[in-house]
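To start, the structure itself, in structure tokens.
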Amino acid sequence: MSPQQYDAIVVGSGAGGAAAAYKLALGGLRVVVLEKGDHLPTDGSTLDIRRVVHQGEFLSREPWLDGHGRRIVPEEHFNVGGKTKWYGAALLRFAESEFAPDAAHGCRGWPLALGELAPYYEEAERLLGVRFIDNEPDLARILAHLQRQSSGWDSLPTSRRMAPRPRTSTALPPPLTSRARPSVRFSHN
Ligand SMILES: Cc1cc2nc3c(=O)[nH]c(=O)nc-3n(C[C@H](O)[C@H](O)[C@H](O)COP(=O)(O)OP(=O)(O)OC[C@H]3O[C@@H](n4cnc5c(N)ncnc54)[C@H](O)[C@@H]3O)c2cc1C
């Protein structure tokens, strides 16, 4: 594989890398995605809560060094699709307030506002098939309890990636034209 064949190299195949590769490919660039992990098994083991949660079988054991040179093993997943294959599928937008400076935690404000990101949120939610669902009964009970205690709490439906969608759904993203069809080469070691 010759590097000259590509216009862009994306490292990592999780949500971040995949989104970047998708946009670059839509823009007509030849893109290669490099991934250090392997494909996850499809034998049902990734659905086994004992192996996944209790034994941490699919977590990386790779040690990192912290800022003081001490070895730590962060909870990382190195596999095709990254942590995005393991996440809980709750896809929340930031709140307006989260873009503002937060002096209590020494954080500056963002250089852009929520409104500027709105079209990108909309595109991502459409592509990922995000739907808003009522909160699960246990969560709804906790929220109702909090709201009774303080008016500062607001309860909203949860936005989640739901799959599969019916093929007849009008919420499906428009098909890509052949000119715009992304072409991403994928490589892992
Ligand atoms: C159990 C769990 C539940 C979660 N639930 C939610 C949720 O409900 N909602 C939510 O918003 N977030 C959730 N998260 C967080 C979310 O999964 C991550 O924020 C998100 O997946 C990060 O995407 P990413 O592309 O930055 O990283 P990743 O998806 O981790 O992708 C990074 C990729 O880069 C690869 N890589 C790393 N180093 C190299 C290298 N040197 N060379 C090549 N490839 C490399 C990795 O193998 C990996 O595939 C959850 C996370 C976990 C672990």
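Quick look at the numbers
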quantity: Options A140, A104: the member that is more than 15 Å from the ligand (Cβ to nearest atom), surrounded by 10 or more Cβ atoms within 10 Å (Cβ to Cβ) and over 25 Å from V10 (Cα atoms); calculated: A140
quantity: Selection within region 61-96 - away from the ligand (no atom under 14 Å from the Cβ), free of Cβ contacts under 8 Å to residues at least 12 places away in the same chain and not in a loop (DSSP other than H, G, I, E, B); calculated: L65, R71, I72
quantity: Of all residues in region 10-30 being loosely packed, with under 13 Cβ neighbours inside 10 Å and within 23 Å of the chain's Cα centre (by Cα), the one that is farthest from the ligand (Cβ to nearest atom); calculated: G27
quantity: Top-ranked residue in region 31-49 [being out of contact with any strand residue (DSSP E or B) (no Cβ under 8 Å at 6 or more places or on another chain) and of a type in the set (D, E); ranked as surrounded by the most Cβ atoms within 10 Å (Cβ to Cβ)]; calculated: D48
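Residue-wise test of (1) more than 25 Å from E123 (Cβ to Cβ); (2) in a helix (DSSP H, G or I).
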site	(1), (2)
A19	no, yes
K23	no, yes
G28	no, no
V32	no, no
V52	yes, yes
G56	yes, no
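Read the figures in this text as sums done on the coordinates, not as results from a lab. Please read all numbers here as calculations on a predicted model, not as lab measurements. Heads up, the Cβs are rebuilt from the backbone with ideal geometry, glycines too, and the neighbour counts pull from every protein chain shown.
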